[in-house]
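Worksheet for the structure shown next.
All of the numbers you see were taken from the coordinates with simple rules; none came from a lab. What you see is a predicted model, and the numbers here were worked out from it, not measured in a lab. Note that each Cβ is placed from the backbone with ideal geometry, even for glycine, and that neighbours are counted across all protein chains shown.
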Amino acid sequence: MSPMKTLLLASAGAAAGAAFLSAAAPAPATDALKRGAYLVERVGLCADCHTPRNERGEFVAGAHLAGAPISFAPTVPMPAWAPVAPPLAGLPTMTDAQALTFLTTGKKPDGTAPRPPMPDYRFNDEDARAVLAYLRAQGKK
Ligand code: HEC
């Protein structure tokens with residue numbers, strides 16, 4: 001192969017690589033929603049506490065992530081135990097910036113940590129954005 005041809009091929013490869021990179025970031029909305037659904041529904045299991053249950057312990061239909069009373073108590077004394085898990089569908093209680101801080105650092109807008117039994121999640125930035133996108137989308141149903 002001539003040096004010129006090699007050079008042309010190399011720069012074409014670099015250009016294709018650059019195009020791929022710019023297409024990959026930011027992730028398309030549907031990918032973020034899919035990732036968010038996976039993190040919320042399959043990993044974080046947010047519904048366990050944030051979706052109300054009926055008297056048989058089944059999730060109440062049509063109330064997915066609508067917020068719920070916490071139906072179990074700690075077996076050791078815990079002074080700070082939250083009686084209610086607030087609504088997550090649409091995440092009405094937080095701005096985007098507040099939600100991203102909360103999901104990545106565990107700090108609420110007032111700087112405090114949520115009370116147990118809310119788990120102390122530390123999502124990375126990309127996953128926090130995916131969780132937020134998914135929760136916002138739940139409010140639009
Ligand atoms: C084991 C129960 C439980 C699970 C699982 C859980 N939460 Fe919570 N969550 C709570 C409780 C209880 C609170 C309220 C804490 C408080 O009042 O201090 C809360 C609070 C929150 C808040 C703060 C809302 C506000 O208005 O202050 C957000 C946001 C939140 N949870 C998101 C999530 C997400 C996202 C998931 C899943 C990835 C999740 N939670 C899983 C119990 C839970």
*Determine which aspartates and glutamates satisfy two conditions relative to Lys140: a Cα distance under 19 Å, and not lying fewer than 8 residues away in the same chain.*
Asp31, Glu41, Asp96
*Tell me which aspartates and glutamates have Cα within less than 13 Å of Lys34's Cα, excluding those fewer than 8 residues away on the same chain?*
Glu126, Asp127
*Pairwise label distance in nanometres, Ala137 with Thr75, each label 7 Å out on the Cα-Cβ vector*: 3.9
*Relative contact order %, region 27-138, counting alpha carbon pairs below 8 Å whose residues are six or more apart*: 31
*Arg42 paired with Thr30, simple spin-label distance in nm, labels 7 Å along Cα-to-beta-carbon*: 1.7
